[in-house]
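The values are calculated or read from the model by the stated rules, or taken from the named source; none is laboratory data. Predicted model, so just to flag it, every value in this text is computed and none were measured. Cβ coordinates were reconstructed from backbone atoms using ideal geometry, including for glycine residues, and neighbour counts include every protein chain displayed.
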Amino acid sequence: MTLVVDTALEAVAGIEDGATVLIGGFGMAGMPVALIDALIEQGAGDLEIVSNNAGNGDTGLAALLAAGRVRKMVCSFPRQSDSYVFDELYRSGRIELEVVPQGNLAERMRAAGAGIGAFFCPTGVGTPLAEGKEQRTIDGRDYVLELPIKGDVALIGAHAADPAGNLVYRKTARNFGPVMATAATTTIVQVSSLVELGGLDPESVVTPGIYVDRVVRVGQEDS
């Protein structure tokens, strides 16, 4: 049995309009550009995207935004020097935004993958990010209740995979990939290298294949 498919377009087949899509990457490091380009070609729209930031320049996630396929962004850093695509969409009221502190973003996805119903966190207490959320004082410190973030689909980049979907990552390109893989119903991975089954050191595997559904080799070296 193999989870490897021949093309990125085949990998993203079946993603539906209105899906919540978790997209890996810290800036461009680890961003699954080939899968995003295939998703643009595939045509799904009205998407809710969960990612660390809201796109860079004109490629990857920014290209998906520019194509008008995204209804809502959930991210930590929506604005930076080259986030002009998102900036224009947001200022013109064509996209929704939910800002989530970076640590909360990672932990909310980890909670989804671990089956945790909710957790209390001090981040955001006393700010607009806590408005409307349950708050509790524990051992003299105020906390806010945070809910898991689940995805219908996760698109992530890894360095290498075997046919069973076991993954290893390359340096900082690892970022959100491992937690996103556990938090989505369907996890789709682009890799720059495929090895035979048994070709990965089990002690080096970060994401076990049980969390992965499709793998495509694209040769992107920063994955």
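Worth a mention:
- Of all the residues in segment 87-145, those that are of a type in the set (D, E, K, R) and within 16 Å of residue 179 (Cα to Cα) number 3.
- The set of residues from segment 66-80 being in contact with a strand residue (DSSP E or B) (Cβ under 9 Å, 6 or more places away or on another chain) and part of a loop (DSSP other than H, G, I, E, B) comprises 69, 76, 78, 79, 80.
- Checked against the criterion of being in contact with a Ser or Thr (Cβ under 9 Å, 6 or more places away or on another chain), on the phi > 0 side of the Ramachandran plot and either modelled with pLDDT under 95 or not aromatic (Phe, Trp, Tyr) (or both), the candidates 93, 113, 55, 68 yield just one match: 55.
- Residues within segment 26-43 that are at pLDDT 95 or above, surrounded by fewer than 20 Cβ atoms within 10 Å (Cβ to Cβ) and assigned to a loop (DSSP other than H, G, I, E, B), tallied: 1
- Pairs, first part of a helix (DSSP H, G or I) in segment 152-175, second among the small types (Gly, Ala, Ser), C-beta under 7 Å, six or more apart: 172/29; 173/29; 173/30; 173/157; 173/223; 174/30
- Taking the criterion of being in contact with an Asp or Glu (Cβ under 6 Å, 6 or more places away or on another chain) and within 30 Å of residue 214 (Cα to Cα), the only residue of segment 107-153 that qualifies is 108.
- A search for C-beta distances below 6 Å between a residue of segment 1-17 that is part of a loop (DSSP other than H, G, I, E, B) and any residue that is at pLDDT below 95 and crowded, with 17+ Cβ neighbours inside 10 Å, counting only pairs 6+ apart in sequence or on different chains, returns nothing.
- Matching residues in segment 194-216 - criterion: being surrounded by 14 or more Cβ atoms within 10 Å (Cβ to Cβ), of a type in the set (Gly, Ala, Ser) and not in a helix (DSSP H, G or I): none
- Here segment 78-116 is the region considered, the condition is being in contact with a Gly (Cβ under 9 Å, 6 or more places away or on another chain) and aromatic (Phe, Trp, Tyr), and the residue that is farthest from residue 130 (Cα to Cα) is 84.
- Any hit, segment 53-65, residues being assigned to a helix (DSSP H, G or I) and among the small types (Gly, Ala, Ser): yes
- Unmet criterion (only one of (1) in contact with a helix residue (DSSP H, G or I) (Cβ under 7 Å, 6 or more places away or on another chain); (2) over 19 Å from residue 10 (Cβ atoms); (3) assigned to a loop (DSSP other than H, G, I, E, B)) for residue 182: (3)
- Once segment 161-193 is narrowed to residues that are hydrophobic (A, V, I, L, M, F, W, C) and surrounded by fewer than 21 Cβ atoms within 10 Å (Cβ to Cβ), the residue that is nearest to residue 99 (Cα to Cα) is 168.
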